[in-house]
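> One structure, pasted below without further comment.
The values are calculated or read from the model by the stated rules, or taken from the named source; none is laboratory data. This structure is a prediction, so every number in the text was calculated from the model and none was measured. Ideal geometry is used to build each Cβ from the backbone, glycine not excepted, and the neighbour counts take in all protein chains shown.
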Amino acid sequence: MDESQLKLYYETALDLTRGGGKMIQEHHNKSKNILTKTSSVDLVTETDQRVEKHLVSSLLEKFPEHKYIGEESVADGQLIELTDNPTWIIDPIDGTMNFIHGYPNFCISIGLWIKKKPYIGIVYNPILELMFTAQIGKGAFLNGNCISTSSVTELDKALMLTEFGNTRTPESMSMVMENLQRLLPLTHGVRVCGASALNIAMVAMGGADVFYQAGLYIWDLAAGVLLVQEAGGFVSDPAGGKLDPLNRQVLVASTEELARKVIPHIKLCVVD
Ligand code: IPD
Ligand code: CA
Ligand code: CA
Ligand code: CA
């Protein structure tokens, strides 16, 4: 990839993300028009839709040959495909439930993938002013300062993050609970904060040591996995194999050694 080209993509995405952040700030702690998607806990607001429109239309105007995958543009049940073409993968608000309640743990997540590899990752919490950025081969940053994962290798020293997801089927609930029951006593602690992309960014900055989830989508992880890789951490499938970004499961950890200690305790199942 041509350096100047990557720089242009990165600076454009950064600028648009800041613009999207302003749109979110304006609606934080205000009443919202809430729509239900697949279930009573799968929600979207006008702000999610407006931020996605702003990002997608501006990116395609600048780079008409690029593709995109945006959470709010995907129809229910639509097959999501990632090709080799440069593809912007966008979650306009990750943590919509938090946004609706005014719990300030949510973010914009934008990843640029080319030939099925991440080249740019941006995760931005506009309320707490946390701007996580990464470009392939250039390290990971928080508000311009270089970040790295922790060096924790032991489960009993690890702060673990996970998510309950939006699925409420008995199978999915028991998977989540069984995993928690097994892992909670083995770790320093477990946190469930309601925004998968931010959880991944937290592992990148060393604020937490490991995150796993089944049931998330490509837009939840597309930016974060590059942050973790560039911060020196480990990214895989929760079974330990190569991450498939469309497989709806992810494991990120400070170190491969820690990840290998978590993997045997995670029980996988169909999520919905
Ligand atoms: C959701 C959040 C949540 C996670 C869900 C995601 P959204 O994203 O990241 O923490 O548990 O799996 O779908 O819908 O708020 O963008
Ligand atoms: Ca959603
Ligand atoms: Ca999300
Ligand atoms: Ca979202």
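> With (1) among the charged types (D, E, K, R); (2) within 14 Å of ligand 4 (Cβ to nearest atom); (3) over 19 Å from G194 (Cβ atoms) as the list, and D84 as the residue in question, which single condition is left unmet?
Every condition holds for D84 apart from (2).
> Moving on. Restricting the search to the range 218-232, which residues are touching a helix residue (DSSP H, G or I) at 6+ places or on another chain (Cβ under 7 Å) and closer than 19 Å to I108 by Cα?
Matches in the range 218-232: W219, D220, L221, A223, G224, V225, L227, V228.
> With respect to the numbered conditions (1) in a loop (DSSP other than H, G, I, E, B); (2) of a type outside the set (A, V, I, L, M); (3) out of contact with any helix residue (DSSP H, G or I) (no Cβ under 8 Å at 6 or more places or on another chain), which one is the sole condition not fulfilled by K32?
With (1) in a loop (DSSP other than H, G, I, E, B); (2) of a type outside the set (A, V, I, L, M); (3) out of contact with any helix residue (DSSP H, G or I) (no Cβ under 8 Å at 6 or more places or on another chain) applied to K32, the lone miss is (3).
> From the residues in the range 142-168 that are surrounded by fewer than 20 Cβ atoms within 10 Å (Cβ to Cβ) and farther than 22 Å from L184 by Cα, which one is nearest to ligand 3 (Cβ to nearest atom)?
Selected residue: L142.
> I would also like to ask the following. Please determine, by comparing only the residues of the range 56-73 that are over 25 Å from C193 (Cα atoms) and aliphatic (A, V, I, L, M), which one is nearest to ligand 1 (Cβ to nearest atom).
Looking at the filtered set, the residue picked out is V56.
> Given the conditions (1) more than 16 Å from ligand 3 (Cβ to nearest atom); (2) touching a Cys at 6+ places or on another chain (Cβ under 6 Å), and given that K117 satisfies all but one, which numbered condition is not satisfied?
(2)
> Looking at (1) part of a strand (DSSP E or B); (2) exposed (fewer than 14 other Cβ atoms within 10 Å of the Cβ), can you tell me which one P92 breaks?
(2)
> Looking at the range 109-119, can you tell me whether even one residue there is within 26 Å of E257 (Cα to Cα), crowded, with 17+ Cβ neighbours inside 10 Å, touching a residue at least 24 places away in the same chain (Cβ under 8 Å) and not acidic (D, E)?
There is at least one residue in the range 109-119 that is within 26 Å of E257 (Cα to Cα), crowded, with 17+ Cβ neighbours inside 10 Å, touching a residue at least 24 places away in the same chain (Cβ under 8 Å) and not acidic (D, E).
> Name the one entry in V176, V192, V210 that is under 20 Å from A239 (Cα atoms), among the β-branched types (V, I, T) and at pLDDT 95 or above.
On inspection, the qualifying residue turns out to be V210.
> Evaluate the following for Q78: is it more than 16 Å from ligand 1 (Cβ to nearest atom) and farther than 17 Å from V51 by Cβ?
no
> Taking only the range 193-222 into account, find how many residues are of a type outside the set (V, I, T), out of contact with any Cys (no Cβ under 9 Å at 6 or more places or on another chain) and within 16 Å of ligand 2 (Cβ to nearest atom).
Total meeting the criteria: 11.
> Can you go through A214, A195, A204, A223 and tell me which one is in contact (Cβ under 8 Å) with a residue 12 or more places away in the chain and away from ligand 3 (no atom under 16 Å from the Cβ)?
A204
> Still on this model: What single numbered condition from (1) in contact (Cβ under 8 Å) with a residue 60 or more places away in the chain; (2) crowded, with 21+ Cβ neighbours inside 10 Å; (3) within 16 Å of ligand 1 (Cβ to nearest atom) fails to hold for T47?
(1)
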